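What follows is a short report on a single structure.
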Amino acid sequence: MDATTIDRAFDKLIQNLDDLVGLYRQLLDLARKEKQFLIEANTDRLVECNSQKDIVLQKIKIADTLRFKHAKELCEKIGADSENPRLLEIAQRLHGPKGDQLHNFHSTLELVIKRIIELNRENEQLARKAINTLNGTMDNIKETLSGKKTYEKKGTYRSGPENSGNFVSKEA
């Protein structure tokens, strides 16, 4: 293959990887904001943040499809496994600065994705705690509104004799 077609395929892949890194960083930023909104219990901002995350995730899905296409194209040009294109394999076949650039993108993506996963786990724990707190509060409210079942009035009050009596016996 001629070097210019490999360079064009490489440039498309690099541009796509740069876009992917930017999208994953946006997702990381949104996960951080989501954590803050969970801590503050700001439901309006949390809903807004989640809708933004959905949009970014859709963009990532599209960009990842393009990444696969560009990586497959480059693999075909350099003789790598085009059915299962891997950045590290491409980087090994492309020596020098191009290989180093792919290694850097791979490391960056791996690091950002790892941090996103950690934050999402933390956010899930915060959300579960909030739900458990709300469920406990709702149970307390239900219990209060339904009344206490343990101490119900079952008998009647028995009054004593109508005459007032002496507390101390006169015989004493």
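Readers should treat all values here as calculations from the given coordinates under stated rules, not as data from a laboratory. All values derive from a computational prediction rather than experimental measurement. Every residue, glycine as well, gets a Cβ built from its backbone with ideal geometry; the counts of neighbours run over all protein chains shown.
Looking only at the range 119-138, which residues are in contact with a helix residue (DSSP H, G or I) (Cβ under 9 Å, 6 or more places away or on another chain) and within 16 Å of Asp29 (Cα to Cα)?
Within the range 119-138, Leu119, Asn120, Glu122, Asn123 meet the criteria.
Considering only residues of the range 34-52 that are of a type in the set (A, V, I, L, M) and in a helix (DSSP H, G or I), which is surrounded by the most Cβ atoms within 10 Å (Cβ to Cβ)?
Looking only at the range 34-52, we keep the residues that are of a type in the set (A, V, I, L, M), and these are 38-39, 41, 46-47.
From what is left, the residues that are in a helix (DSSP H, G or I) are 38-39, 46-47.
Numbers: Leu38: 21, Ile39: 11, Leu46: 19, Val47: 11.
The qualifying residue surrounded by the most Cβ atoms within 10 Å (Cβ to Cβ) is Leu38.
From Ala63, Ala31, grab the single residue that is in a helix (DSSP H, G or I), closer than 25 Å to Ile6 by Cα and not charged (D, E, K, R). Before the answer, list the steps.
Values: Ala31 fails: closer than 25 Å to Ile6 by Cα.
Just a single option satisfies the conditions, and that option is Ala63.
Given the criterion on the phi < 0 side of the Ramachandran plot, part of a helix (DSSP H, G or I) and free of Cβ contacts under 8 Å to residues at least 24 places away in the same chain, identify the matching residue among Glu83, Glu89.
The unique qualifying residue is Glu89.
Which residue pairs have Cβ atoms under 6 Å apart, sit 6 or more places apart or on different chains, and have a first residue in the range 49-74 that is more than 21 Å from Leu87 (Cβ to Cβ) and a second that is acidic (Asp, Glu)?
Sorted first by the residue in the range 49-74, then by its partner, the pairs are Cys49/Glu34.
Out of all the residues in the range 33-48, which are more than 14 Å from Gln125 (Cα to Cα) and of a type outside the set (A, V, I, L, M, F, W, C)?
Answer for the range 33-48, where residues must be more than 14 Å from Gln125 (Cα to Cα) and of a type outside the set (A, V, I, L, M, F, W, C): Lys33, Glu40, Asn42, Thr43, Asp44, Arg45, Glu48.
Kindly indicate which of Ile141, Ile116 is within 26 Å of Ala31 (Cβ to Cβ) and surrounded by 10 or more Cβ atoms within 10 Å (Cβ to Cβ).
Unique residue meeting the criteria: Ile116.
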